[in-house]
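One structure is given below, encoded as structure tokens.
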Amino acid sequence: MTRPLSHPARVREPLHARAGLAQPVAAVLTDRVDDVAVAETAARLARARRAPLLLIAVLPPDAKHTGPGPASGPARAVPGRVMPKLGPLALDCIHEVFHLPPGRPSRLAAAKELLTLAARRRAPDVVAARRGPEGLDVFSLIEAAGLRGGPCVHAVAPGAWVPLRLPSL
């Protein structure tokens, strides 16, 4: 017996095939104090959209590749600082490394290259700190996104400083 046309056959794709269709939320991690606030904001956006989190580690142009794996020590250390905060959220994380352009490029060159990397990973949203390396602060990213027509850039204010409290004895 054939299936009636009013009930189309459901095609069950494997989960990993559908996972490639998700549009991740990108977090720009620049090895600064604001990285935790940036990662938490991006994680909230990703969790609300049920999307993976794209962690972009920004490294200086002279950072060398060391070790047998695909990522160097500094490339693992930058997102490693925020992973204790993101671990309990159980989000899928995609790690990417962005090297700052060598020399003294134009003001928006680094921002355009970073947005190109986010677009290659199909990230419609980029979360960045207000302060960052030259060309990667949120204001440069917003201007570069406006010139190239996307993605949406979200600004994160620096976290409030809280003094350490020693336990009273």
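The values are calculated or read from the model by the stated rules, or taken from the named source; none is laboratory data. Since the model is a prediction, treat every value here as computed from it, not as a measurement. Using ideal geometry, Cβ is built from the backbone for each residue, glycine included, and neighbour counts are taken over all protein chains shown. What goes into the accessible areas is simple: the full protein's heavy atoms, side chains included, and nothing from ligands, DNA or RNA. Shrake-Rupley method; radii C 1.70, N 1.55, O 1.52, S 1.80 Å.
Tabulated values for the structure
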{"read-out": "Neighbourhood charge, 14 Å Cβ-Cβ cut-off, centred on Leu53 and excluding it, Lys, Arg +1 and Asp, Glu -1", "value": "+2"}
{"read-out": "Amide H partners (placed H, <5 Å) of Phe98, local residues excluded", "value": "Ala57, Val58, Leu59"}
{"read-out": "Long-range amide H partners of Ala27 with built H, under 5 Å", "value": "Leu54, Leu55, Ile56, Val127"}
{"read-out": "From phi via Karplus (6.51, -1.76, 1.60), per-residue ³J(HN,Hα) for the range 92-106 in Hz, x at Gly/Pro", "value": "6, 10, 10, 9, 9, 10, 10, 8, 4, x, x, x, 10, x, 5"}
{"read-out": "Segments 98-104, 140-146 sorted - mean Cβ within 10 Å per residue, highest first", "value": "140-146, 98-104"}
{"read-out": "Accessible area of the range 86-135 belonging to carbon and sulfur atoms, whole % at 1.4 Å probe", "value": "52 percent"}
{"read-out": "Phi to ³J(HN,Hα) by Karplus 6.51 cos²θ - 1.76 cosθ + 1.60 over the range 83-90, Hz, x for Gly, Pro", "value": "4, x, 7, 8, x, x, 7, 6"}
{"read-out": "Extended-chain gain in nm, criterion 0.36 nm per residue less alpha-carbon gap, Lys85 and Arg50", "value": "10.8 nm"}
